[in-house]
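The values are calculated or read from the model by the stated rules, or taken from the named source; none is laboratory data. Keep in mind that this is a model prediction, so the values were computed, not measured. Cβ coordinates were reconstructed from backbone atoms using ideal geometry, including for glycine residues, and neighbour counts include every protein chain displayed. For accessibility, only protein heavy atoms count, side chains too; no ligands or nucleic acids. Shrake-Rupley method; radii C 1.70, N 1.55, O 1.52, S 1.80 Å.
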Amino acid sequence: MSDSGGHIHLILPDPVERAACFRLLARGANRVVRSFASADAWLEAQDGARGGILLLRWRQPGPTSGAALLDRIAGRGDLIAFVAAERLSFDEARAILRAGARDLLPAPLDPRLVRRTVEAALDEWRERERAAARHREAAARLAALTPRERDILEAVAAGLGNKAIARRFDLSPRTVEVHRASMMRRAGAASVAELLRLHFIAEQDARGGNPVHFGAGAAGGAAPRL
């Protein structure tokens with residue numbers, strides 16, 4: 001199986017459920033699937049260093065609970081987490097989603113639902129990673145600009161012409177033209193349009209938001225019973 005994409009991390013204490021989900025996710029697909037019997041085993045293996053999709057049972061054996069694991073991975077833009085549970089109180093469900101889980105899946109898990117959910121999430125994960133890579137490249141190229149050039153780029157992005165920019169920064173229009181040419185050279189941009197594209201990409205959030213859904217509605221599943 002290839003290591004080029006996001007890993008699928010299964011943290012499922014029940015060995016039958018874990019094996020069934022593993023088999024279906026690994027079948028006929030070029031992906032890496034890793035399975036663990038507990039959150040502690042996952043942490044001990046340091047598998048969390050790999051981004052991708054994480055599916056965990058809310059009730060975990062051992063010291064590290066499902067809540068503690070979500071807390072450990074909070075803010076990880078390279079992980080999309082799903083939580084499986086049989087019964088949850090309203091407060092528990094709300095806490096899980098607020099902690100950053102993408103969705104709640106009903107348990108016992110249906111491997112077919114798991115596969116549909118994970119494959120859709122992998123498509124999103126790959127797009128997020130591509131967007132993050134574009135963001136890093138744009139930020140790196142614009143990092144070569146001087147502070148004055150950054151100010152002028154902001155003005156160009158705001159739609160100001162050379163004369164207006166010159167008045168704003170008390171420069172001559174010719175000096176503004178020199179700065180614009182220098183900006184393109186430093187950033188490796190072939191045109192002002194490309195320079196602006198880099199600026200807008202760099203201004204965007206590197207990974208986008210993390211919208212949550214309840215009950216795997218997009219995958220056709222039912223929410224855990226409350």
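Among the listed residues Phe36, Phe82, Phe22, which satisfies the condition of being touching a Phe, Trp or Tyr at 6+ places or on another chain (Cβ under 6 Å), at pLDDT 95 or above and surrounded by 14 or more Cβ atoms within 10 Å (Cβ to Cβ)?
Working: Phe82 fails: touching a Phe, Trp or Tyr at 6+ places or on another chain (Cβ under 6 Å); Phe22 fails: touching a Phe, Trp or Tyr at 6+ places or on another chain (Cβ under 6 Å).
Step by step, each of Phe36, Phe82, Phe22 is checked, and only Phe36 is touching a Phe, Trp or Tyr at 6+ places or on another chain (Cβ under 6 Å), at pLDDT 95 or above and surrounded by 14 or more Cβ atoms within 10 Å (Cβ to Cβ).
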- Task: State yes or no: is Asp103 among the acidic types (Asp, Glu) and in contact with a His (Cβ under 8 Å, 6 or more places away or on another chain)?
- Result: yes
- Query: Can you spot a residue in the range 114-124 that is among the aliphatic types (A, V, I, L, M) and farther than 30 Å from Ser89 by Cα?
  - Reply: no
- Query: Do we have any residue at all in the range 71-90 that's assigned to a helix (DSSP H, G or I), in contact with a Lys or Arg (Cβ under 8 Å, 6 or more places away or on another chain) and charged (D, E, K, R)?
  - Reply: no
- Item | Members of the range 185-198 found to be buried (at least 16 other Cβ atoms within 10 Å of the Cβ) and assigned to a helix (DSSP H, G or I), listed by number | Arg186, Ala187, Leu195, Leu198
- Task: Within the range 41-51, identify whether any single residue is more than 18 Å from Arg126 (Cα to Cα) and not in a helix (DSSP H, G or I), and answer yes or no.
- Result: yes
- The listed residue being under 29 Å from Gly77 (Cβ atoms) and among the small types (Gly, Ala, Ser), out of Ala166, Ala181, Ala157: Ala157
- Query: Does any residue of the range 1-14 turn out to be out of contact with any Ser or Thr (no Cβ under 7 Å at 6 or more places or on another chain), within 23 Å of Arg112 (Cα to Cα), open to solvent by 40 Å² or more (accessible area, probe 1.4 Å) and at pLDDT 95 or above?
  - Reply: yes
- Message: Just to be sure I understand the filter: pairs with C-beta atoms under 9 Å, separated by 6 or more residues or on different chains, first member in the range 164-176 and touching a residue at least 40 places away in the same chain (Cβ under 8 Å) and assigned to a loop (DSSP other than H, G, I, E, B), second member surrounded by 14 or more Cβ atoms within 10 Å (Cβ to Cβ) and of a type in the set (S, T, N, Q). Which pairs pass?
- Response: none
- Message: Name the residue that is most open to solvent (accessible area, probe 1.4 Å), counting only residues in the range 98-124 that are at negative phi and part of a loop (DSSP other than H, G, I, E, B).
- Response: Pro108
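Yes or no: the range 53-67 includes at least one residue that is in contact (Cβ under 8 Å) with a residue 60 or more places away in the chain, in a loop (DSSP other than H, G, I, E, B) and either of a type outside the set (Val, Ile, Thr) or surrounded by 14 or more Cβ atoms within 10 Å (Cβ to Cβ) (or both).
Start the filter on the range 53-67 by keeping residues that are in contact (Cβ under 8 Å) with a residue 60 or more places away in the chain, which leaves 53, 55.
Adding the requirement that they be in a loop (DSSP other than H, G, I, E, B) leaves none.
Taking every residue of the range 53-67 in turn, none turns out to be in contact (Cβ under 8 Å) with a residue 60 or more places away in the chain, in a loop (DSSP other than H, G, I, E, B) and either of a type outside the set (Val, Ile, Thr) or surrounded by 14 or more Cβ atoms within 10 Å (Cβ to Cβ) (or both).
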